[in-house]
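The values are calculated or read from the model by the stated rules, or taken from the named source; none is laboratory data. It should be emphasised that the depicted structure is a prediction, and the values quoted were computed from it without experimental measurement. Please note: Cβ atoms are built from the backbone with ideal geometry, for glycine as well, and neighbour counts cover all protein chains shown.
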Amino acid sequence: MPNHVHGVLEITERARHAVPLPAARDVEAFGRPVAASIPTVVRSYKSVVTKQVRDATNGHIAHVWLSNYFERVLRNADDLNNAIFYIKENPKRWQSRQP
């Protein structure tokens, strides 16, 4: 995609901690990342990609990401298959919208 990315994360360990409940002790907070949580995985990914972009452009590109992201839990095979189909078809829809 020219201006955004789609992906599917499969969390196989500590899955019950991937989306912390508000009352949980290990709730994600500023300066307190929770190992294997979705916010920590996304933040780490964004950090690595930002560093690679800045290195590749000698620091000429400073802003790479929007500050937020959208997440959705895929609860069954149908949800997963629909998400995969959407991700694969999205570039075709993008191209058809361009002048």
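Here's the yes/no breakdown for (1) in a loop (DSSP other than H, G, I, E, B); (2) surrounded by 12 or more Cβ atoms within 10 Å (Cβ to Cβ):
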| residue | (1), (2) |
| --- | --- |
| 39 | no, yes |
| 43 | no, yes |
| 46 | no, yes |
| 61 | yes, no |
| 64 | yes, yes |
| 67 | yes, no |
| 72 | yes, no |
| 80 | no, yes |
Worksheet item: Yes or no: residue 71 within 23 Å of residue 94 (Cβ to Cβ), of a type in the set (D, E, K, R) and at pLDDT 80 or above?
Response: yes
